[in-house]
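K.L.:
Dumping the structure here so I can ask a few things about it.
The values are calculated or read from the model by the stated rules, or taken from the named source; none is laboratory data. What you see is a predicted model; the values in this text were computed from it and never measured. Cβ sites come from the backbone with ideal geometry, for glycine too, and all protein chains shown count toward neighbours. Just the protein is used for accessible areas: all its heavy atoms, side chains included, with ligands, DNA and RNA removed. Shrake-Rupley method; radii C 1.70, N 1.55, O 1.52, S 1.80 Å.
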Amino acid sequence: MKVKPYKNNDDVFVYINEEGIEKIATRSLVPGQQVYGEKLVTQDSVEYRTWEPRRSKLAAALLKGLIPNLIKPGMKILYLGAASGTTPSHISDMIGKTGRLYCIEFSPRVCRELVTISEPRSNMIPILADVRFPESYASLIENVDLIYSDVAQPEQAEIISLNSRWFLKSKSRIILCVKARSVDVTQKPSVIYQAQTDILKQNSFDVEQLIDLSPYSEDHAMIIAKS
Ligand SMILES: C[S@@+](CC[C@H](N)C(=O)[O-])C[C@H]1O[C@@H](n2cnc3c(N)ncnc32)[C@H](O)[C@@H]1O
């Protein structure tokens, strides 16, 4: 087995598994830690965590041509809707010990799992809060290089825009996961993706990429935009 960088990404890797299937992975910040039952592989004494595109929309987006190197070592990132830490843990691997990942989650039960995952990860800061009220966590967060949002709420584009006004450095990016059915079950997903893109444009973002995440995540898309 040979692990090598995935396409033009410096911090995402690829290997071929025993069944001959291509798998992407991140270099583990916490060797030995499995966050969601993912397979761990070791090469030259370095441990990598397999990144499952059906469990993480960011992995799906990478496989579908996401702009490379959006997430780099040392970045400060705000993550809205961190859940129990599946995707956040891979971002934590990518930003390394000098980065900082502020993870907001409003479900106390889920946040407890997030705290457990975060404990050995010095760059992950779990925060129990509601992303609709950034003023409630403003004192805990510095200005960030990127905001990632996956809250599966009808007003998801407005929420990331609001948080950007509070915390995003100028000329920086946002990554918005759009769940079409959270917005309107009666509309075609493509119409909803376009409407969410329009809301970001109205909030002064330049939209750089819109990725339909099927077949990994049906009725979901990812929008990349710059302030
Ligand atoms: C689709 S899940 C996130 C999955 C996660 N991003 C991942 O890939 O590992 C959406 C999460 O957003 C949280 N959420 C929804 N609305 C929220 C709000 N207003 N404030 C904070 N968290 C919220 C939910 O509790 C849920 O855990």
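K.L.:
Being away from the ligand (no atom under 11 Å from the Cβ), open to solvent by less than 40 Å² (accessible area, probe 1.4 Å) and not in a helix (DSSP H, G or I) is the filter here, so list the residues in the stretch 54-68 that pass it.
P.N.:
Hit for the stretch 54-68 is L66, nothing else.
K.L.:
Determine, yes or no, whether I104 is crowded, with 17+ Cβ neighbours inside 10 Å and not in a loop (DSSP other than H, G, I, E, B).
P.N.:
Yes, satisfied.
K.L.:
Could you list, in sequence order, the residues of the stretch 121-154 that are modelled with pLDDT under 95 and either surrounded by 15 or more Cβ atoms within 10 Å (Cβ to Cβ) or farther than 23 Å from I224 by Cα (or both)?
P.N.:
A152, Q153 - these are the residues of the stretch 121-154 that are modelled with pLDDT under 95 and either surrounded by 15 or more Cβ atoms within 10 Å (Cβ to Cβ) or farther than 23 Å from I224 by Cα (or both).
K.L.:
Among the residues in the stretch 176-197, are any surrounded by fewer than 22 Cβ atoms within 10 Å (Cβ to Cβ) and in contact with a Gly (Cβ under 9 Å, 6 or more places away or on another chain)?
P.N.:
No, the stretch 176-197 contains no residue that is surrounded by fewer than 22 Cβ atoms within 10 Å (Cβ to Cβ) and in contact with a Gly (Cβ under 9 Å, 6 or more places away or on another chain).
Table: residues versus (1) part of a strand (DSSP E or B); (2) assigned by TED's automatic domain parsing to the domain that holds E142.
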residue: V14; (1), (2): yes, no
residue: E19; (1), (2): no, no
residue: T26; (1), (2): yes, no
residue: Q33; (1), (2): no, no
residue: L114; (1), (2): no, yes
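K.L.:
State yes or no: is S164 away from the ligand (no atom under 14 Å from the Cβ), free of Cβ contacts under 8 Å to residues at least 12 places away in the same chain, in a helix (DSSP H, G or I) and closer than 20 Å to M75 by Cα?
P.N.:
The answer is no for S164.
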